[in-house]
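Chemist: I have a structure I would like to understand better, so I am pasting it below and will then ask my questions one at a time.
The values are calculated or read from the model by the stated rules, or taken from the named source; none is laboratory data. In this text, all values refer to a predicted model and were calculated from it rather than measured experimentally. All Cβ positions, glycine included, derive from the backbone under ideal geometry; neighbour counts span all protein chains shown. Each accessible area value is taken on the protein alone, full model and side chains, heavy atoms only, with ligands, DNA and RNA left out. Shrake-Rupley method; radii C 1.70, N 1.55, O 1.52, S 1.80 Å.
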Amino acid sequence: MMRLDKFLSVASPLTRSEAGKRIRSGRVTVNGQPARKPETRVDEAHDLVAVDGAAVRYRKYVYLMLNKPQGYLSAVEDARDPVVTDLVPEELRHFHVFPVGRLDKDTEGLLLLTNDGQFDHALMSPVRKIVKLYEAVLDRPALPEDADAFRRGMTFSDFTAAPASLEIDPGDPCRVVIGISEGKFHQVKRMCRQVGKNVIRLKRTAIGCLKLDDSLAPGELRELTDEEMKILLPGWSGGR
Ligand code: URA
C-alpha cells in the first residue's frame, strides 16, 4: 500500500506536487471513484488508478528494447552527439533509463535500456556468459580459417577474447554472423581485424535468446514483454 500522490509520482510523469494538485482537482480516480486526497492509500498491485480517465499502471522499473540507429552514443548525455536516451518517448522519460552495456556509435541493432541496476548487473555479469549475436558486413570475404581463429579465441595486447563463433553466409562471404559471450571495447571489430578484415557495418541481432524485434524500425523502442524477460534471464527474480 502507498499514498496516491506517491503512486502517481513513481508510475506517471507527474511530480509529487503535480500529482497532489491533480488529485485535489478530482481528475484522479481509484477503482472508478474520484479520490480527492493525496494521502489516499492505494494497493499498487490491485487498485485501478486513472488520471483523466487514462489508466496508470504501477511499476518502478521499465525494460526497453531499442533498435539503435547508427550515429547515437550508448550514453545518457553528451555535449556533442545524440544519445540513445534521446529516443525515449515523453511518457517514459521520468523513469530515467540508461543503456545496458554499449554499442559503438556506428553499430545498430538491439540495445536494452532500463532504470533497474540489478537487471543491468545480472545481464552484464561475466559469470552468465550470455552470447550476443552480431551481423557484420566485412570489406573482404571471410574464410573458413577465420571461423577457426574465432573458435580458438584470440589474444590482444590488452585482453584475451574467449572462443567465439563466426558463421559465413554461403551466398555472400562478406556477410557473417558473429557470436561473442563478452563485451570488450570494439571486440567484434578487433577480432575481425585480427583475421585481416574490416567491419563495414555492424548490427546486434540477439542477446542470449532474446531477438531484436524486426518490426522495430531504427530508432524505435518498446517495452519487453514478461515472456521476453523470462527468456532473457531465466530464474531471475528481480524487476517489475
Ligand atoms: N563489438 C564492436 O566492435 N562494436 C560494438 O558496438 C559491439 C561489439
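Chemist: Looking for whichever is open to solvent by less than 20 Å² (accessible area, probe 1.4 Å), without any contact (Cβ under 8 Å) to a residue 12 or more places away in the chain and not small (Gly, Ala, Ser) here; the options are 83, 49, 97. Which one fits?
Modeler: Numbers: 49 fails: without any contact (Cβ under 8 Å) to a residue 12 or more places away in the chain; 97 fails: without any contact (Cβ under 8 Å) to a residue 12 or more places away in the chain.
Every option except 83 fails the conditions.
Chemist: Look through the range 168-198, keep the residues that are closer than 14 Å to residue 102 by Cα and open to solvent by 60 Å² or more (accessible area, probe 1.4 Å), and return whichever of them is nearest to the ligand (Cβ to nearest atom).
Modeler: Among residues in the range 168-198 that are closer than 14 Å to residue 102 by Cα and open to solvent by 60 Å² or more (accessible area, probe 1.4 Å), the one nearest to the ligand (Cβ to nearest atom) is 186.
Chemist: Quick one: is residue 91 in contact (Cβ under 8 Å) with a residue 40 or more places away in the chain, assigned to a loop (DSSP other than H, G, I, E, B) and of a type in the set (D, E, K, R)?
Modeler: On the way: in contact (Cβ under 8 Å) with a residue 40 or more places away in the chain: yes; assigned to a loop (DSSP other than H, G, I, E, B): no; of a type in the set (D, E, K, R): yes.
No; evaluated as a whole, the condition is false for this residue.
Chemist: Tell me which residues, restricted to the range 126-147, are more than 10 Å from residue 195 (Cα to Cα) and more than 28 Å from the chain's Cα centre (by Cα). Give the derivation first.
Modeler: Residues of the range 126-147 more than 10 Å from residue 195 (Cα to Cα): 126-141, 144.
Hits for the range 126-147 are 139, 140, 141, 144.
Chemist: Within the range 199-239, how many residues are surrounded by fewer than 14 Cβ atoms within 10 Å (Cβ to Cβ), assigned to a loop (DSSP other than H, G, I, E, B) and out of contact with any helix residue (DSSP H, G or I) (no Cβ under 7 Å at 6 or more places or on another chain)?
Modeler: Selection size over the range 199-239: 7.
Chemist: Determine which single condition residue 155 fails, assuming it passes every other condition in (1) under 13 Å from the mean Cα position of the chain (by Cα); (2) open to solvent by 40 Å² or more (accessible area, probe 1.4 Å).
Modeler: (1)
Chemist: Among the residues of the range 100-118, are any over 22 Å from residue 219 (Cα atoms), surrounded by 13 or more Cβ atoms within 10 Å (Cβ to Cβ) and outside the structural domain of residue 15 (by TED's automatic domain parsing)? Break it down into steps so the answer makes sense when it comes.
Modeler: Taking the range 100-118 as the starting set, the residues that turn out to be over 22 Å from residue 219 (Cα atoms) are 117-118.
If we keep only those that are surrounded by 13 or more Cβ atoms within 10 Å (Cβ to Cβ) too, we end up with 118.
Imposing the further condition that a residue be outside the structural domain of residue 15 (by TED's automatic domain parsing) reduces the set to 118.
Checked against the condition, which is being over 22 Å from residue 219 (Cα atoms), surrounded by 13 or more Cβ atoms within 10 Å (Cβ to Cβ) and outside the structural domain of residue 15 (by TED's automatic domain parsing), the range 100-118 yields at least one hit.
Chemist: Same structure, new question: Only one of (1) over 23 Å from the mean Cα position of the chain (by Cα); (2) assigned to a helix (DSSP H, G or I) fails for residue 173. Which number is that?
Modeler: Result: residue 173 fails condition (2) only.
Chemist: Quick one: in the range 11-46, of everything that is among the small types (Gly, Ala, Ser) and open to solvent by 40 Å² or more (accessible area, probe 1.4 Å), which residue is farthest from residue 100 (Cα to Cα)?
Modeler: Step one: of the range 11-46, the residues among the small types (Gly, Ala, Ser) are 11-12, 17, 19-20, 25-26, 32, 35, 45.
Of the ones still in play, those that are also open to solvent by 40 Å² or more (accessible area, probe 1.4 Å) are 17, 25, 32, 45.
Values: 17: 31, 25: 40, 32: 38, 45: 27 Å.
Per the criteria, the residue is 25.
Chemist: Can you run down the residue pairs with Cβ atoms below 8 Å, 6 or more apart or on separate chains, where the first is in the range 202-213 and within 20 Å of residue 137 (Cα to Cα) and the partner is more than 16 Å from the ligand (Cβ to nearest atom) and open to solvent by 30 Å² or more (accessible area, probe 1.4 Å)?
Modeler: 205/211
Chemist: Tally the residues that are closer than 21 Å to residue 208 by Cβ and away from the ligand (no atom under 14 Å from the Cβ), restricting the search to the range 86-118.
Modeler: Keep residues of the range 86-118 that are closer than 21 Å to residue 208 by Cβ, which gives 97-104, 107-118.
From what is left, the residues that are away from the ligand (no atom under 14 Å from the Cβ) are 97-98, 113-118.
The qualifying residues number 8.
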